[in-house]
1. Pick from the range A:44-82 the residues that are more than 8 Å from chain B (Cβ to nearest Cβ) and of a type in the set (F, W, Y): which of them is farthest from A:Q138 (Cα to Cα)?
2. Under the condition of being surrounded by 20 or more Cβ atoms within 10 Å (Cβ to Cβ) and in contact with an Asp or Glu (Cβ under 8 Å, 6 or more places away or on another chain), which residue from the range B:120-146 is nearest to the other protein chains (Cβ to nearest Cβ)?
3. What number of residues in the range B:142-198 are farther than 19 Å from B:I82 by Cα and part of a loop (DSSP other than H, G, I, E, B)?
4. Of the residues B:G186, B:G163, which is more than 22 Å from B:L112 (Cα to Cα) and at pLDDT 80 or above?
5. Looking only at the range B:93-119, count how many residues are surrounded by 17 or more Cβ atoms within 10 Å (Cβ to Cβ) and either aliphatic (A, V, I, L, M) or over 25 Å from A:E81 (Cα atoms) (or both).
6. On the given criteria, is B:V436 within 27 Å of B:L295 (Cα to Cα), among the β-branched types (V, I, T) and in contact with a Ser or Thr (Cβ under 7 Å, 6 or more places away or on another chain)?
7. Only residues that are among the hydroxyl-bearing types (S, T, Y) and either free of Cβ contacts under 8 Å to residues at least 24 places away in the same chain or in contact with an Asp or Glu (Cβ under 7 Å, 6 or more places away or on another chain) (or both): list them for the range A:21-54, please.
8. Across the range A:191-216, what is the number of residues that are in contact with a strand residue (DSSP E or B) (Cβ under 6 Å, 6 or more places away or on another chain), closer than 26 Å to A:K139 by Cβ and among the polar types (S, T, N, Q)?
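The values are calculated or read from the model by the stated rules, or taken from the named source; none is laboratory data. Owing to the predicted nature of the structure, the values given are computational and were not obtained by experimental measurement. Quick reminder, even Gly has a Cβ in these numbers, built from the backbone with ideal geometry, and neighbours come from all protein chains shown.
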Amino acid sequence: MISVQGLSKKYKGVEVVNIPELNIEKGESFGLVGNNGAGKTTFFRMILDLIRPSQGAVLSKEVAVNTTEDWKFYTGSFLDESFLIDYLTPEEYFDFLASLHNYSKGDLREFLSQFDDLFNGEILGRDKYIRDLSKGNQKKVGIVSALMGDPEILILDEPFANLDPTTQIRLKGLLRDLKENKQLTMLISSHDLNHVTEVCERIVVLEKGVIQEDIQTSESTLKDLEEYFTL
Amino acid sequence: MIKDFLSHGFLQTRRSPVWAKSLLTNIFLGMLGLMMLFYVLMLGIFLHKVADALEAEFYQGATRIEIISRFLIYYFGFEFIIRFFLQNTPVLFIQPYLHLPLKKSKIIHFMLRKSMVSIFNLLALLLLFPFGVLVVFRDMGVEAFLGWTAAILGLTMLNHFLGIYFKKKLNDHPNLLLILIGVMLGATIVEYFQLFEFSSLSVWVFLQFLETPLIALVPVVLAVIFYQLNFTYLKNNTYPDEISTRRSSKPKIAGDFAFLKRFGKTGEMMALELKMILRHKRPRNTLVLSGVLLLYGLFFYTQPNNEGMQFVFIFAGIFVTGAFFINHGQFLLSWQSGDFDFLLTRNISFRQYIESKYWLFVAVCCIAFVISLGYAYFGWKIVFINFAACLFNIGVSIPLVMRMAMFNPKKIDLNRGAAFNYEGMGTAQWLIGIPVLFFPYVFYLPFTLAGYENYGIMAVGLVGVIGFAFHKHILGLLTQAFINRRHKIAAGFRAQ
């Protein structure tokens, strides 16, 4: 589904990402872990064509993402608040996205109703602009908007950070459900080894832009990872 | 889609945190803008009268069209420069749309077309279109009129897209600016020594436009070409990290002011303030402006009959030595609005914070006075007056400005640009200049009116010295005022 070839990004001579080869299959749930500055977000940005790679390319369905924009139509993503239009209310933002995905009013209502639990009554009908929401609530808006339009690929950066425990658990359930029922390809980065091993079946450890480990999740994965990160 | 973009653009302005807070400022600026446009239109309507007057005075025998055409090359050149400094394309507007299922080309086309709705594009039209109707159409017929109109519109749009393109290119090749300055200097020299007259070129070109209106399509075509160039450039450069790193392309770490550490925490705070000033565009601009205002005195001192203007010199002295604390001090706390909570929670005593501000202003005031010693060229009396004004600033005006600035300060986002940025402006900032500039006259005028002007100047200085003698006490009062208001101020800064 996504394949990376000779990808490298340098800032002022310092290589922050260097991934010679990586393939992510359709329906795979792919977890990216690493310490701060490991290059996780930079890598995701290159997948979304938000950063121009210094070398190499990211292919989505065999097409380089910087040559066409087709990938936009089957990829949902949320990396940070700059993905939101923060001077709109959540409703207005969802309305706008609905128009991009040709949802009718009814479609949108039905779509949003799936997330009533996740929103916990704090998002819709509160008459607040997105910029006035708390970080956690902004994240909820971002994640839900990434799911709009039945994407085939979902890319989330630190989806669990800033969320309250209840929402974390709900989000995990939601992601597992999507994986099983919709064959969604997921790319998730996280600092939280617990969450990521629970959700993802494949974990890649990134350090200083280089892949250190590439493992299929099993019983012992969490322990292995904890060992890896214990210094 | 376009409708959505438009409504987002509108909502962005309408809901921007600055908008509602400075509604009054916006209305004022809007009125000012309308007034300017009205003046330009009036000038346009009476442009033929201007041409007539110029004919009688300088260019006997030339037609109105020739006379106006002489100046058009300068006009469009000037317009280009104004655009260069004031006009900006909101590239960051596109960021939240990049990952959405939308074609980049659509967003960029929209952005470029929207940029055409700009006050700058109205200027030439308001100024020159009436002339086209009243003179060109009447004297040379409908075809010439069409040529004239097409040329004006074409040149305006060319200027518009060339300006945007130039600014974008400037980010990649900063040397372009030097080339531009070089070209302008060269042109000025060539013109000055009458090697070549650009005005004649201008006349010739515009006459071509009028005689063969089809030629007037050349600027229109050029404008379209530059639109396309802009489009291609933007399409290939929509990467947010590149856009944003370019915005702050100079990560220069300017000075650490180690020498200030000698003065303890107060010194450290001053160093911090200086770093804040030098590393952000807007406060840096106020500093530069204060430097430029040092020359303000020339405006008064060089007047041929400045005898009658003596009493304005106090005013000039206050301004020359005090420009920095007036400009910078009016936003006293607003400069820290981004890290105000930091300030409140760390072990910095409020007294030291206030003191650091005070001493910084005093230091700059003294430096400005030393530089202004150059005005001795216009007579020692000016130095005497500036000295008195400087003392008055130190003793009275600085604490006064600091106190006034604590009245309901507004948030300032340091990372935003400086031009036409009225963030942080509140009632206090509008009014702050009045007492600063006129208070000294309370002490000066009585003596002067009685015929003892020198005593008046001395009185101003003396009041300053008395104020300074009590500065410990005054700083205590200022600190107390700050402490009393700090929660309210912090809440104001936190609220968007």
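1. Here the answer is A:W71.
2. Per the stated criteria, the residue is B:L123.
3. Qualifying residue count for the region: 6.
4. Exactly one of B:G186, B:G163 is more than 22 Å from B:L112 (Cα to Cα) and at pLDDT 80 or above, namely B:G186.
5. Number satisfying all stated conditions: 9.
6. yes
7. If the condition is that a residue be among the hydroxyl-bearing types (S, T, Y) and either free of Cβ contacts under 8 Å to residues at least 24 places away in the same chain or in contact with an Asp or Glu (Cβ under 7 Å, 6 or more places away or on another chain) (or both), then A:S29, A:T41 are the ones that fit.
8. Of the residues in that region, 0 qualify.
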